[in-house]
Amino acid sequence: MRQKLSTAAFSFLLLVIAESASIAHAEPIVPADYKLVWSDEFDVDGLPDETKWAYDIDHNRQGWFNNEKQYYAERRRENARVEKGNLVIEARADAAEISKLPDWGRQQFSSARLRTLGKASWTYGAVEVRAKIPCGRGTWPAIWMLADDKITPWPDSGEIDIMEHVGFDPGKVHFSLHTKNGNFITHTETTAVKSVATACTEMHRYQLRWTPSLIVMGVDDQRGFSFKRPTLKRADWPFDGPFHILLNIAIGGDWGGQKGIDPNALPARMEIDYVRVYQKSGS
């Protein structure tokens, strides 16, 4: 017997059809009808703007996820600063200096992990970050998003990786999504790789478009990743609530440290020209 679609399922079907059409017409990753709603152009030298960015230092003492080896500093110019129109996140081998800090967890490397949590977050829209990333062996820079949801555990709450790069595999940019039903713990994450030969020598625009039924990511308006919402289940698509942006360089770890850490690669810098967030009018 033919069954009627529920209102929610019918609406979902219409969204998927509409988004598929936009892919077919090769619409830019940041569509022309999206409006700028938030940005940091990094045009004032000094520490990052604390009205826009917070420091993630939550796991310094007990150690960071993925067996990463860095200490994430707070308000330390050596690791995060604005200079000459760019945000600079710098990873350093400076254990002697960071060992004097009260939350030091015996790490040998320092870095910074900035996030907009508590400052700004968004549900749907587009993100563009123009950046030059490091390529040294052992470095693991990332531009990504996490849910503001503090109750639902990861990966059930979702993760959007707009750009990840591991230094032992230079020029390969990774895009990924993590959900309850698809994540790196079970090796089931949705992921893709795009070759960007000059990622470590030139600025590139790392981009995300996120709608209720589709996530597209790419570089310089060249798509590298596309994921259509598969079901209405949150286990497959936890991307219907507010997410915030994170910027960081990790050192070592289960992925970034697979080929070891080259001490001569440090200090290593990620330089970011701007971070811009767009949303469709009326969203």
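The values are calculated or read from the model by the stated rules, or taken from the named source; none is laboratory data. Computed from a predicted structure; not experimentally measured. FYI the Cβ positions are ideal-geometry reconstructions off the backbone, even for glycines, and counts take in every protein chain you see. The protein model used for the area step is the full one, side chains on, heavy atoms only, and it has no ligands, DNA or RNA in it. Shrake-Rupley method; radii C 1.70, N 1.55, O 1.52, S 1.80 Å.
Quick notes on this one:
- What the Cβ-Cβ distance of Lys84 and Asp220 gives, at R0 = 22 Å and to the nearest 0.05, is a FRET efficiency of 0.50.
- All lysines inside 21 Å of Lys228 as judged from Cα atoms, apart from same-chain residues fewer than 8 positions distant: Lys180, Lys194, Lys280
- Residue-level accessible surface for Thr51, protein heavy atoms, 1.4 Å, Å²: 100
- Fraction in percent of alpha-carbon pairs per bin - 5 Å, the chain: 1, 6, 12, 17, 19, 18, 13, 7, 4, 2, 1, 1, 0, 0, 0
- The stretch 177-231 shape via C-alpha gyration tensor axes, a/c threshold 1.5: oblate
- In plain terms, the chain is cut at each of the trypsin sites (Lys or Arg not before Pro) found in a DSSP loop with at most 16 other Cβ atoms within 10 Å, and the longest leftover piece is 151-232.
- Mean accessible surface per residue for the chain, computed with a 1.4 Å probe while every protein chain stays in place, in Å²: 47
- Residues of the stretch 236-272 with an amide N closer than 15 Å to a point placed 7 Å from the Cα of Ile151 along the Cα-to-Cβ direction: 241-242.
- Coupling constants for the stretch 182-195 follow from the phi torsions by the Karplus curve (6.51 cos²θ - 1.76 cosθ + 1.60, θ = phi - 60°), and in residue order they are x, 8, 6, 4, 9, 6, 10, 5, 8, 8, 8, 10, 10, 7 Hz; glycine and proline get x.
- Rolling a 1.4 angstrom probe over the chain with all protein chains present gives an accessible area of which 52% lies on carbon and sulfur atoms.
- For the chain, the longest piece that avoids every one of the GluC sites (Glu not before Pro) found in DSSP loops with at most 11 other C-beta atoms within 10 Å covers 51-201.
- Between Trp38, Ala199, Val173, the Cα set farthest toward the positive side of the dipole of the chain (charges on each charged residue's Cβ, about the Cα centre) is that of Val173.
- R0 of 22 Å, Cβ-Cβ distance Glu97-Asn66: FRET efficiency to nearest 0.05: 0.35
- Straight-line cross-link reach from Lys69 at under 24 Å between alpha-carbon atoms covers these lysines, not counting any fewer than eight positions away in the same chain: Lys100, Lys132, Lys172, Lys259.
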